[in-house]
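Visitor: Below is one structure. I have some questions about it.
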Amino acid sequence: MINFLATVNVFSSALLIGVLTATSLSRAADIIGAITLTGTPPAEIPYTQLMEDSTCGQMYDTAPTTHFYVVGKNGELGDVTVYLKDASGNDITGKSTGASAPAVVLDQKGCLYTPQILAFQTGQTLTIRNSDQCIHNVDVVSKVIGHTPEGKPITQNTQHNDGQMPGGADLHYTFDKPEMFLKFQCDVHPWMFAWASVFDNPYFAISGADGKFVIKNVPPGKYTLVAAHRKLGEQTQTVEVADKDVTENFTFAVK
Amino acid sequence: MKCGRNEMNESTINRPGARALHWFAVLTAVATFLLLGAGGLVTSHEAGMSVPDWPNSYGYNMFLFPPSQWMGGIFYEHTHRLWATVVGLMTTILAVWLCWKDARRWMKWLGVLAFLLVVAQGVLGGLRVVLKMDNLGAIHGVVGQTFFALMCAIALFTGGFWRAISEQKLNVPGPLRTMVLMTTILIFCQLILGSTMRAQHAGLSINTFPSAYGKIWPDTRPEAIARYNAQRIEVTNVNDITAFQVILQMVHRIFALGILISVILCAVQAWRLLGIRDTLTKFAFFWLGLITVQIGLGAATIWSNKAADVATAHVLVGALSLVTGALWCIIAFGRSARVPAAQTEAFGAFGTLAGNK
């Protein structure tokens, strides 16, 4: 009897170890990292037009400035879009979980877009809100990829241009195709603009003000890790994800 | 609009009516000039899409859109639309008036052409908004300036000045006429370039003058373009610049130099061949003055980082430069026309010669 129990014990332990090992081998890991900037970026410029606007100007004591280069004291670089391509450098497609993901919000607040750099998935709802007491128009400018015989531009994603009254209902958009830096602009207040990147997978992140980013739950495999900044262009690294989190850092330089 | 009737009895001709038509044509041309300015401000303020719908404005009938909502870019776009309807109405009245009162068949057709052009221009402007086509914006700009030249020509043809110069019958040498005509065509090409540049919505593709990024000819390799984009901080929603846009501005600069040289030659030749007291010589020197101012405004547009008022002034002086060249040609060719004396009179306003068809 004792022998039988011992045998069962050994079997169950072996089974448990096997299951755990198998689970561990296929476990998704995170890609974490930090982005830094070397060199001195051009000085940001105050939004004087905003201050001259009778409605928007009332919301500020001093003029807010552009924020193309979100740089910390030690060169930490924010607002960098970090994402994955496959090992050959092709877009990862068909992996979107956007339909079930919560909506991403782009707010118009203080006559500025918040955030200015964002990312979401194909099929994921983008909610655009007007928190201001003035009209905005949401003009979505997608990349032109061709023209019809009549000369009408064919764009990567559907373009929109919708007015949004103060206190008006949120606008909800979804985009079908991947696109880097899809532009949102307000033509009523031409200093308002934001860029959104659309991915057909959930493997992307935007670096914070501390320069750090985390791409969560990446399946094991080899990838190309891309860091894209609106002004500084793109950098790539090859990365292999196994059962442990991977750390990859980027350094951009002002030329 | 009945335009088949091209004869007019002497009894129906009255001079106050002729003067009224002429001054109405002048008024329409002035209104068109102001409309060009309003349109220039729309593009200079990047406000072309600030009213997303057309012909309505934010769902309102455009004439009922509350002024309290005319804020920011909406002010420029909406007032441009309203003023365009005024010009459209004035052009329609002018076309009907020409068909009704002017005995010259070609003047009737000019009226019809103006009417069709103003309608086409309105539709172009609307489609540019609805279809979000920047290319249509460029065409809209060119058609607008062409329409302004047409309105100025109609104002000229309906005035006493046109009759007076026709009666002078002083020949303007062919080579001089050709030179001015070619220069005017060059200005028109320059206008197309300028309108295309503005429709790119990319701000200043070269932000230095007279050098271009410190060089005579700027580096347009991809890494250089990336560097230019990285260094510029946009305060309006303009697009990134491309090599095409950099080259476009360089061509615009070269054309400007070519036009300046060409207009100097025209003015000098007019002085030499027609004498300093001739109207066309004075007109040529006025033209030279305009071109000089225009080049100064082009430089100021760059130095001011494309300040909206400066850029719009550049558009307006460009329009005046085109019109000056066009009217110079019309006057010179009209003055030199080898036509029988009896028909020469028909160049006068209100077709004092009923038989001129």
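Readers should treat all values here as calculations from the given coordinates under stated rules, not as data from a laboratory. Predicted model only: the values in this text are computed from it and were never measured. All Cβ positions, glycine included, derive from the backbone under ideal geometry; neighbour counts span all protein chains shown.
Visitor: Determine the distance separating the Cα centre of the stretch A:96-131 from the Cα centre of the stretch B:238-276; give it in Å without decimals.
Guide: Using only Cα atoms, the two centres lie 47 Å from each other.
Visitor: Right, next: Packing-wise, with mean Cβ within 10 Å as the measure, how do A:218-227, B:278-287 rank, highest first? Could you put the intermediate results ahead of the total?
Guide: Numbers: A:218-227: 17.7, B:278-287: 19.7.
Result, highest mean first: B:278-287, A:218-227.
Visitor: Quote the relative contact order of chain B in percent (integer), defining contacts as alpha-carbon pairs under 8 Å separated by 6+ residues.
Guide: Numbers: 453 pairs, mean separation 95.9, N = 357.
Computed value for chain B: 27 percent relative contact order.
Visitor: Next question, about the same structure. Roughly what % of DSSP beta bridges within the stretch A:117-255 run antiparallel, to the nearest 5? Kindly include the intermediate steps, with their values, before the conclusion.
Guide: Values: 28 of 33 bridges.
Around 85 percent antiparallel, to the nearest 5.
Visitor: If one takes the longest principal axis of the Cα atoms in chain B, at what angle in degrees, from 0 to 90 and to the nearest 10, does the Cα axis of helix B:105-131 lie?
Guide: With both axes taken from Cα atoms, the answer is about 20 degrees.
Visitor: Further question on the same structure: Over the stretch A:133-211, calculate the relative contact order: mean separation of alpha carbon pairs under 8 Å at least 6 apart, over the residue count, as a percent. Kindly include the intermediate steps, with their values, before the conclusion.
Guide: Details: 123 pairs, mean separation 24.4, N = 79.
Value for the stretch A:133-211: 31 percent.
Visitor: If you count, for every residue in A:179-191, the Cβ atoms of partner chains within 10 Å of its Cβ, what is the mean?
Guide: Numbers: counts 0, 0, 1, 0, 3, 1, 7, 5, 16, 13, 8, 14, 6.
Average neighbour count from other chains, rounded to a whole number: 6.
Visitor: If one takes the longest principal axis of the Cα atoms in chain A, at what angle in degrees, from 0 to 90 and to the nearest 10, does the Cα axis of helix A:2-25 lie?
Guide: On a 0 to 90 degree scale, this one is about 30.
Visitor: Would you mind giving the mean number of other chain beta-carbons within 10 Å of the Cβ of each residue in A:132-141, as a whole number?
Guide: Per residue, the number of nearby Cβ atoms from other chains is 4 on average.
Visitor: Follow-up question, since we're still on this one. Compute the signed sum of charges (Lys and Arg +1, Asp and Glu -1) over the other residues within less than 15 Å, Cβ to Cβ, of residue B:213. Walk me through the numbers on the way to the answer.
Guide: Numbers: positive: A:255, B:215, B:221, B:227, B:232, B:253; negative: B:219, B:223.
Charge balance near residue B:213 sits at +4.
Visitor: For chain A, which cysteines have no disulfide-compatible partner, meaning no other cysteine Cβ under 4.7 Å?
Guide: By the Cβ distance rule, which asks for a partner under 4.7 Å, the isolated cysteines are A:134, A:186.
Visitor: While we're on this one: Taking neighbour counts of Cβ atoms within 10 Å as a proxy for exposure, in what order, fewest first, do B:99, A:186, B:189 appear? Please list the in-between numbers first.
Guide: Numbers: B:99 20, A:186 28, B:189 14.
Listed from fewest to most nearby Cβ atoms, that is B:189, B:99, A:186.
Visitor: Which whole-number percent gives the relative contact order of chain A, counting Cα pairs below 8 Å spaced six or more residues apart? Walk me through the numbers before you get to the answer.
Guide: Values: 575 pairs, mean separation 76.0, N = 255.
Computed over chain A, the figure is 30 percent.
Visitor: Sticking with this structure for a sec: Calculate for chain A the 222 nm mean residue ellipticity that helices alone would give, adding -39,500 (n - 2.57) per DSSP H run of length 4 or more and normalising by residue count, nearest 500 deg cm²/dmol.
Guide: On the way: 2 runs with 29 residues, N = 255.
Here the helix-only value at 222 nm equals -3500 deg cm²/dmol.
Visitor: Kindly flag which residue pairs out of A:109/A:183; A:143/A:177; A:109/B:306 have an alpha-carbon separation exceeding 22 Å in this structure.
Guide: Numbers: A:109/A:183 17 Å; A:143/A:177 11 Å; A:109/B:306 27 Å.
Long pairs (Cα-Cα over 22 Å): A:109/B:306.
Visitor: While we're on this one: Non-local amide H neighbours of residue A:92 (under 5 Å, H modeled in plane, Pro and chain starts lacking H): which ones?
Guide: Amide H neighbours of residue A:92: A:86.
Visitor: Straight distance only, please: which lysines reach the Cα of residue A:212 with their own Cα at less than 21 Å, same-chain residues fewer than 8 apart left out?
Guide: Partners within reach: A:73, A:85, A:231, A:244.
Visitor: Cut-off is 10 Å between beta-carbons; in what order do B:228, A:60 appear when sorted fewest neighbours first?
Guide: In order of increasing Cβ crowding within 10 Å: A:60, B:228.
Visitor: OK, next. For A:255, A:152, which order do you get if you count the other beta carbons within 10 Å of each Cβ and list the fewest first? Don't jump to the answer; show the numbers that get you there.
Guide: Details: A:255 12, A:152 15.
If I rank by nearby Cβ atoms, fewest first, I get A:255, A:152.
Visitor: What does the helix-only formula give at 222 nm for chain B: each DSSP H stretch with n ≥ 4 adding -39500 (n - 2.57), the total divided by the residues, and the result rounded to the nearest 500 deg cm²/dmol? Please list the in-between numbers first.
Guide: Working: 11 runs with 244 residues, N = 357.
Here the helix-only value at 222 nm equals -24000 deg cm²/dmol.
Visitor: Averaged across the residues of B:39-52, what count of C-beta atoms belonging to other chains lies within 10 Å of each residue's C-beta? Write down the numbers at each step before the final one.
Guide: Values: counts 0, 0, 0, 1, 0, 0, 3, 5, 5, 2, 9, 11, 6, 10.
The mean count of partner-chain Cβ atoms within 10 Å per residue comes to 4.
Visitor: Related question: Lysines within cross-link reach of residue B:101: Cα-Cα under 23 Å, excluding same-chain residues under 8 positions apart?
Guide: Output for residue B:101: B:2, B:357.
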